[in-house]
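Below: one structure, written as structure tokens.
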Ligand SMILES: CC(C)(COP(=O)(O)OP(=O)(O)OC[C@H]1O[C@@H](n2cnc3c(N)ncnc32)[C@H](O)[C@@H]1OP(=O)(O)O)[C@@H](O)C(=O)NCCC(=O)NCCS
């Protein structure tokens, strides 16, 4: 239904059960994305979950991600849609590891942003990512997200606490990107041409900001178009 350059986002259907079950029961796939305890899911659990993904009334909406020739590659969606503040959190999982690093994830995030801003009329889309998840951080930066801060020791996983990196994109920032079709530039003049925003975020993870971490700069305010003049 919603198509990008490499993927299509569509509603889940019962025939996805085997793919979904395989994906959620693959620890190495979900260890980066699940924030709660990772426990085995049964076919009943997942069939019930699939059946719940067709209603906006729950305040969330999940899409299956498939390639343009119809191969299921994972899922993504809006979690915690806040209609009053026009904000939503998103999440994504390319469940088949062999399909990662091929541009499907970033294309799905771009399509999700288009749905969120151009269809749902959101003002802001946010997400959190566990420290050190470089693939995800690079993916979100490539899609125009900025780092907004970090939540220290927010998640317990594999016998240790980890920070969560908070990232977000505003509607005006997205509109600027789509208008000019330009890749997001995250560099700051003060940081020089070789500034790598991902390294700055990944490098920030172990240390608190007051220990020398560097936050990504937001796009300049001038790049944002006022909606009301
Ligand atoms: C994170 C995820 C959605 C990214 O999707 P993807 O299809 O693998 O990524 P893409 O191929 O679209 O690449 C996006 C960017 O990430 C980079 N990237 C991809 N895999 C990477 C890896 N293993 N290490 C470092 N960078 C990587 C790409 O180079 C690209 O950056 P660029 O645009 O600057 O070149 C996917 O890897 C995934 O589902 N991982 C497991 C679950 C997860 O981490 N979910 C996110 C939780 S917040």
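Numbers for the structure displayed
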{"read-out": "Cut-off 13 Å (backbone N to label point 7 Å along Cα→Cβ of residue 154), residues of segment 16-37", "value": "33-36"}
{"read-out": "Mean Cβ count within 10 Å, highest first, over the residues of peptides 76-82, 46-52", "value": "76-82, 46-52"}
{"read-out": "Gyration tensor verdict on segment 4-144 (Cα atoms; rounded if a/c is under 1.5, prolate if a/b is larger than b/c, oblate otherwise)", "value": "rounded"}
{"read-out": "Simple spin-label estimate for residue 31 and residue 80 in nanometres, 7 Å along Cα-Cβ", "value": "2.5 nm"}
{"read-out": "Ascending count of other beta-carbon atoms within 10 Å, so fewest first, for 83, 174", "value": "83, 174"}
{"read-out": "Highest average packing first - 152-162, 12-22, Cβ atoms within 10 Å", "value": "12-22, 152-162"}
{"read-out": "Prolate/oblate/rounded call for segment 1-43, Cα gyration tensor, a/c under 1.5 rounded", "value": "oblate"}
{"read-out": "Inter-part distance where segment 101-141 and segment 144-175 are each reduced to a Cα centre, Å", "value": "12 Å"}
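The numbers here are math on the coordinates, done by the rules we state, and not lab data. Only a predicted model underlies this, so the values are computations on that prediction, with no experimental measurement involved. Quick reminder, even Gly has a Cβ in these numbers, built from the backbone with ideal geometry, and neighbours come from all protein chains shown.
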